[in-house]
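A.B. asks: Dumping the structure here so I can ask a few things about it.
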Amino acid sequence: MKIQEEFFRQKEIKALRKMEKGPLYILIYQKMLVYSLQNNSKIYFDNVEDSFEEEIALVIDEDVEDVKETLLFLKRTNLIEYVSADEMELLQVQELTGEESDSAKRVRKHRENKKKDSEKAKKSKEESSKEENLDCNATETSCNKNVTLEKEKELELDKEIEQELEPKIKDSQVVSLASVHQGNENLKKITKLYEQNIGPIYPANRQWFIEICDKIDWQLFERAVQICIDNGHVTPSYLKGIIRRCISENIKTLDKFNAKRMEFINSKSQKSEKKPAGKFAKYNNFVKEEIIDEEMLKEIEMMEAELGVS
């Protein structure tokens, strides 16, 4: 990413730099700008962490509180915009990378000025409304004409920027999952299972699905989803933890998962006949001398119940 010369000359950046942790906040903003490039200047919340701020902090390796302070400043100065609860747009990306056309810059400046005017109007609402009513009563026809001309001008600017940016957007688009689905039945079924049981697939998460479809089959993915449902943890992070555990154990198919389960249960039964063991120690053969967590114990107990092993 090439930062333009005027980056540090901007009033917003100068104000940010004067804050107690100003240089750090500027670094956080620049990291966010770089990260957003892969999604056309947007950052998505994939529910890996509990909040948008925590997930951004995780991605760029910064402290959560510092990220929160940076985001508050960026929101207050109109440098970012929350499109939805799961989507954020960094409004300066095209300008800072030198890809913003003159028409795009005019539209952006026009909208920024319009937003600033709107905020000023709210502060003096009563006074402004009185003046507007007097002006419009005196020259009602003139007011209507001005509104119409303003809308037409904005539509023309929007159309101009769309025509200029359309080829660039097409060239820079990441291959969508829909195009990868063609000829890949395993990926198609995996993504369908995810959307039906876990949630929507966001652009920032697409690559993960493309990678795991080459490592596990959809039947094993379906079993992992069922484990999430049975344990009451239907979240992306919990599902990814199960998949990651299977891959680390070289379990790629449902048959191998069931075989591993039987191997573990048989080993546990033989060991319990020879020597009594504690709650954690009796599973050591399966986890290779590592203490496993409560969630894995719950999964093991569920496996035993399904097979009728006491």
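A.B. asks: Based on this model, can you work out whether ILE243 counts as open to solvent by 60 Å² or more (accessible area, probe 1.4 Å) and modelled with pLDDT of 75 or more?
C.D. replies: On the way: open to solvent by 60 Å² or more (accessible area, probe 1.4 Å): no; modelled with pLDDT of 75 or more: yes.
No: the conditions fail for ILE243.
A.B. asks: From the list ASN266, ASN258, ASN285, pick out the single residue that is assigned to a helix (DSSP H, G or I), out of contact with any helix residue (DSSP H, G or I) (no Cβ under 8 Å at 6 or more places or on another chain) and either open to solvent by less than 70 Å² (accessible area, probe 1.4 Å) or modelled with pLDDT under 80 (or both).
C.D. replies: Details: ASN266 fails: either open to solvent by less than 70 Å² (accessible area, probe 1.4 Å) or modelled with pLDDT under 80 (or both); ASN285 fails: out of contact with any helix residue (DSSP H, G or I) (no Cβ under 8 Å at 6 or more places or on another chain).
On inspection, the qualifying residue turns out to be ASN258.
To keep it simple, each residue is scored yes or no on (1) open to solvent by 10 Å² or more (accessible area, probe 1.4 Å); (2) closer than 27 Å to GLY241 by Cα; (3) at pLDDT below 90.
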{"site": "SER36", "(1), (2), (3)": "no, yes, no"}
{"site": "LYS42", "(1), (2), (3)": "yes, yes, no"}
{"site": "VAL48", "(1), (2), (3)": "yes, yes, yes"}
{"site": "ILE60", "(1), (2), (3)": "yes, yes, no"}
{"site": "ARG76", "(1), (2), (3)": "yes, no, no"}
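A.B. asks: Let me ask another. Here is a list of conditions, (1) over 16 Å from the mean Cα position of the chain (by Cα); (2) of a type outside the set (Ser, Thr, Tyr); (3) modelled with pLDDT under 90; (4) surrounded by 14 or more Cβ atoms within 10 Å (Cβ to Cβ), and GLY22 meets all of them except one; can you say which number that is?
C.D. replies: Only one criterion in (1) over 16 Å from the mean Cα position of the chain (by Cα); (2) of a type outside the set (Ser, Thr, Tyr); (3) modelled with pLDDT under 90; (4) surrounded by 14 or more Cβ atoms within 10 Å (Cβ to Cβ) is unmet by GLY22, namely (3).
A.B. asks: OK, next. Out of all the residues in the stretch 199-232, which are touching a helix residue (DSSP H, G or I) at 6+ places or on another chain (Cβ under 8 Å), open to solvent by 30 Å² or more (accessible area, probe 1.4 Å) and modelled with pLDDT of 85 or more?
C.D. replies: Once the filter is applied, which keeps residues that are touching a helix residue (DSSP H, G or I) at 6+ places or on another chain (Cβ under 8 Å), open to solvent by 30 Å² or more (accessible area, probe 1.4 Å) and modelled with pLDDT of 85 or more, the stretch 199-232 yields TRP208, ILE210, LYS215, ASP217, TRP218, GLN219, GLU222, ARG223, ILE229, ASP230.
A.B. asks: Kindly check whether there is at least one residue in the stretch 2-11 that is open to solvent by 60 Å² or more (accessible area, probe 1.4 Å), in contact with a Gly (Cβ under 7 Å, 6 or more places away or on another chain) and either assigned to a helix (DSSP H, G or I) or modelled with pLDDT under 90 (or both).
C.D. replies: Yes - at least one qualifying residue is present in the stretch 2-11.
A.B. asks: Name the pairs whose Cβ atoms lie under 9 Å apart, with the first residue in the stretch 217-232 and touching a residue at least 60 places away in the same chain (Cβ under 8 Å) and in a helix (DSSP H, G or I), the second surrounded by 15 or more Cβ atoms within 10 Å (Cβ to Cβ) and hydrophobic (A, V, I, L, M, F, W, C), and 6 or more positions between them or separate chains?
C.D. replies: Hits for this filter: ILE227/LEU239; ILE227/ILE242.
The values are calculated or read from the model by the stated rules, or taken from the named source; none is laboratory data. Here the structure is a predicted model, which means the values were calculated and not measured. Please note: Cβ atoms are built from the backbone with ideal geometry, for glycine as well, and neighbour counts cover all protein chains shown. For the accessible areas, the whole protein counts, side chains as well, though only heavy atoms, and no ligand, DNA or RNA atoms are used. Shrake-Rupley method; radii C 1.70, N 1.55, O 1.52, S 1.80 Å.
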